[in-house]
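Working notes for the structure below.
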Amino acid sequence: MVRTNSFTIKAILSLSLTAISIFLFAKSYQEFIKITENINFQYEDTNVNYFDKENFQKYYEEIEIQNLDDPVFNEKKSQNYFKEITLNNLKTLFDESEEITDKLTIHSDDIEESIAIDEKKIDLDNQIQFKKIGVKKGDNFAKILYKGGLRGRDIDELIINGSEIYDFSKIYLGDVVNIFSEYENKELSKFQLRYKFSKTQELIISFIDKEFIYDLKKIPTVDERVFISGNIETSLYDAMKSEGLSELIITEIIRVYSFDVDFQRDIYKGDRFEILFTRKRNEEGEIVAIKDPEYLMLSSRGTPLTYYLYSNDEFSEYFDENGKGMTKSLMKTPINGARLSSSYGMRKHPISGYNKMHKGVDFAAPIGTPIFAAGNGVVEYAGRNGGYGKYIRIRHDGTYKTAYAHLSSYKKGIGKGVRVKQGDVIGYVGSTGKSTGPHLHYEIIVNGKQVNPAKLKLPSGRKLDERQLIDFSVLAKAKNEEIEIFRNLNQ
């Protein structure tokens, strides 16, 4: 009896240990799968609204967009290159009792490397010999001033006293700051700084009567009217790019037409486009700004879709020839440049292998491609959601919602209850959840049910009142006459 009990106890212990081992192995395997599936791709928070052209002109000059059929998201070139310093801490940046090199931890080798590209620039009016200092990674304005010869409290005073005129917390990689400084008996006697921080503005700082004088100089610009037309052979993107259109203009055209046009199925070889817009050039001939297109024409399967930009004190939107607003409440394609890889409807599921209703559309795109909010609304859900992987759902009103699945990561700040605007970046393309490759799964939900975005009749855009319709008709007529002149010149 004793031997039996001893054997029973040993058997129970063995079985228990085996069960625990199996449980721990299963748990570890699940965690491993979750980790590999849930890789986070970190992107710098650029706070970029992709359709805010005026504020992010610099961004659009940097980003590189490929053919619509083969998009590539270039993370490195889409960084917003500025480094910040905190003005509140500038008081402690320098200590009267210590050498400035101790406080800034600047080594002579670093300085020589940073200004190795420095060249001498002569101000012909004042015969001032400037140091031309290139901004490198890790630089802030205080370091640039130090490299320009300014010392101790003078750096502190320049930044603090001028903080209401210029935001010294921002300086951009690759920019050049021209500085001249001269000391007599350890006292600053001469100083001048010139920093062209944009293509239209230059910061000028002088030292007069022992005081820093600040001036923001506007660089003169001239307006240039541009009319461009072209035939589509392979893709709308290629056609516009071959005619010399910038990424900024191309992105705007795609945004405007994305409410009504499926770029994968509605654009045929032989279709055409026309565009009229104004751009500004500075004294050096650089394009410093591009205004919204005033006239757009895109033929879809041979049928022209013509839009005019109509602005007043209340709004600035696109309307067709009849004055019907083209800006709908939701975008059919909340991602630029992606390839439609799977439509709405029944299909054989690529993972499970059996037929299943696909209640959305899939857009194949590289990992990290930005995803936009399809309309104004509030984030209702942001987190993992079963086979959807990383998932966001936005409530637009009492009827419409949109959902975005298989994300690699969320835009910083996106979470439940956050309000978003149409065109805001909310996340990035990934392959989390039940996914065979990187893509965006996009759903439009109407009254709680997923619907086919391609067949959805979206709510109409803005309607003009009687007075506005009269003004719009005059504007459209004038634009048509101008377009006709340009067409004749191009013949």
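A few points about this structure:
- Restricted to segment 376-491, the set of strands (runs of 3 or more DSSP E) holding at least 2 residues that are over 30 Å from LYS324 (Cα atoms) and under 20 Å from the mean Cα position of the chain (by Cα) comprises 400-410, 425-429, 439-446.
- Within segment 178-206, being within 23 Å of PRO220 (Cα to Cα) and without any contact (Cβ under 8 Å) to a residue 40 or more places away in the chain holds for TYR195, LYS196, PHE197, GLN201, GLU202, LEU203, ILE204, SER206.
- Residues located in segment 174-197, provided they are assigned to a loop (DSSP other than H, G, I, E, B) and buried (at least 16 other Cβ atoms within 10 Å of the Cβ): ASP175, LYS196, PHE197
- Within segment 198-235, tally of residues that are outside any strand (DSSP E or B) and either over 30 Å from GLU284 (Cβ atoms) or not hydrophobic (A, V, I, L, M, F, W, C) (or both): 10
- Residue within segment 304-314 that is surrounded by fewer than 21 Cβ atoms within 10 Å (Cβ to Cβ), in the same structural domain as GLU481 (by TED's automatic domain parsing), in contact with a Phe, Trp or Tyr (Cβ under 9 Å, 6 or more places away or on another chain) and farther than 25 Å from GLN422 by Cβ present: no
- Enumeration of residues in segment 215-264 that are free of Cβ contacts under 8 Å to residues at least 24 places away in the same chain and small (Gly, Ala, Ser): SER242, GLY244
- When we screen LYS199, LYS210 for residues that are at pLDDT below 85, under 30 Å from ASP139 (Cβ atoms), out of contact with any Phe, Trp or Tyr (no Cβ under 9 Å at 6 or more places or on another chain) and of a type outside the set (A, V, I, L, M, F, W, C), the only hit is LYS199.
- The set of residues in segment 265-283 that are more than 19 Å from LYS332 (Cα to Cα), touching a residue at least 40 places away in the same chain (Cβ under 8 Å) and assigned to a loop (DSSP other than H, G, I, E, B) comprises ASP271, GLU283.
- Meets criteria (more than 15 Å from PHE141 (Cα to Cα) and modelled with pLDDT of 90 or more) for GLU182: yes
- Flag for ILE171 being modelled with pLDDT under 90, surrounded by fewer than 18 Cβ atoms within 10 Å (Cβ to Cβ) and of a type in the set (Val, Ile, Thr): no
- In summary, VAL261 fulfils each of the numbered conditions (1) of a type in the set (Val, Ile, Thr); (2) under 21 Å from the mean Cα position of the chain (by Cα); (3) under 27 Å from VAL361 (Cα atoms) with the single exception of condition (2).
- Residue within segment 280-301 that is at pLDDT below 80 and in contact with a strand residue (DSSP E or B) (Cβ under 9 Å, 6 or more places away or on another chain) present: no
The values are calculated or read from the model by the stated rules, or taken from the named source; none is laboratory data. Keep in mind that this is a model prediction, so the values were computed, not measured. Virtual Cβ from ideal backbone geometry, glycine too; neighbours counted across all protein chains shown.
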